[in-house]
1. List pairs: first residue in region 32-52 and within 17 Å of Glu10 (Cα to Cα), second residue in a strand (DSSP E or B) and of a type in the set (Val, Ile, Thr) anywhere in the structure, Cβ distance under 9 angstrom, at least six positions apart or on different chains.
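Derivation of every value follows stated rules applied to the coordinates shown; laboratory data play no part. From a predicted model like this one, the values you see are computed outputs, not experimental measurements. Neighbour counts are summed over all protein chains in view; Cβ atoms, including those assigned to glycine, are modelled from backbone coordinates with ideal geometry.
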Amino acid sequence: MYYCCEEHVELAIDMIVDEEEVAPIMEKLEIEKQLSTTCDYCTEKAIYKISG
Ligand SMILES: [Zn+2]
């Protein structure tokens, strides 16, 4: 599972597809959760959770 910002959504999706070989599930985080979660690929706040 990855948390990512708007910019890194496609990267996270690619990683799930590569690793899990399943269609990724993309969920938008609640505002409070966005503020307390950091993107796995940069220092921006995370907007989405991508899971397999
Ligand atoms: Zn990012």
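1. Pairs found: Glu44/Thr38; Lys45/Thr38; Ala46/Thr38; Lys49/Ile25; Ile50/Ile25; Ser51/Ile25; Gly52/Ile25.
Condition check ((1) buried (at least 17 other Cβ atoms within 10 Å of the Cβ); (2) more than 15 Å from the ligand (Cβ to nearest atom)) across all residues:
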| position | (1), (2) |
| --- | --- |
| Glu10 | no, no |
| Met15 | yes, no |
| Asp18 | no, yes |
| Ala23 | no, yes |
| Glu32 | no, yes |
| Ser36 | no, yes |
| Tyr48 | yes, no |
| Ser51 | no, yes |
